[in-house]
Amino acid sequence: MHVYSDKVIQHFKEPKNVGTIEDANGVGEIGDPSCGDFLRVFIKVEKDIVADVKYQIRGCPASIACASVMTELIIGKDLDDAMMLTEDDIIAALDGLPEFKIHCSALGAAGLQKAIIDYFEKYVHRKKA
Ligand code: FES
């Protein structure tokens, strides 16, 4: 019996949207001090829509699956919806995570939020200033 759902295993074996975005307009980095895992998220925003998301990760299988499914949930969404993505949304999209791996979903959600905040700081606040 697998500890992980089929979806977690699929996303871990073939992670979606791995890589960088050359002309990203938001980048977020987050690490988990308890395990040393690390995620860097790149977003490309066009007309308030998240047109593309990619990431680099050094992490456990669950964190890789979470980052991968996060990109699938977010591409094509507007910034407000993207900002609202929670760890629970990520876990639900993976058909659940074992209790001891719940914390791994935090990297995907927090990395995305940091990338969106970076975009706002670089482009939206500057326009208003
Ligand atoms: Fe570190 Fe999964 S054990 S994020």
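Quick notes
- Some residue of the range 8-26 being more than 14 Å from the ligand (Cβ to nearest atom), of a type in the set (A, V, I, L, M, F, W, C) and over 23 Å from ALA92 (Cα atoms): yes
- Which numbered condition SER34 misses (of (1) within 13 Å of the ligand (Cβ to nearest atom); (2) assigned to a strand (DSSP E or B); (3) not basic (Lys, Arg)): (2)
- Residue within the range 11-27 that is among the charged types (D, E, K, R), assigned to a helix (DSSP H, G or I) and without any contact (Cβ under 8 Å) to a residue 12 or more places away in the chain present: yes
- Meets criteria (more than 27 Å from VAL124 (Cα to Cα) and buried (at least 19 other Cβ atoms within 10 Å of the Cβ)) for GLY59: yes
- The residue that is farthest from ASP118 (Cα to Cα), among those in the range 27-39 that are touching a Lys or Arg at 6+ places or on another chain (Cβ under 9 Å) and either buried (at least 19 other Cβ atoms within 10 Å of the Cβ) or hydroxyl-bearing (Ser, Thr, Tyr) (or both), is ASP37.
- Single residue of SER5, SER63, SER34 found to be modelled with pLDDT under 95 and of a type in the set (Ser, Thr, Tyr): SER34
- Some residue of the range 101-109 being aliphatic (A, V, I, L, M), assigned to a helix (DSSP H, G or I), without any contact (Cβ under 8 Å) to a residue 24 or more places away in the chain and within 15 Å of the ligand (Cβ to nearest atom): yes
The values are calculated or read from the model by the stated rules, or taken from the named source; none is laboratory data. A quick note: this is a predicted structure, and the numbers were derived from the prediction, not measured. Neighbour counts are summed over all protein chains in view; Cβ atoms, including those assigned to glycine, are modelled from backbone coordinates with ideal geometry.
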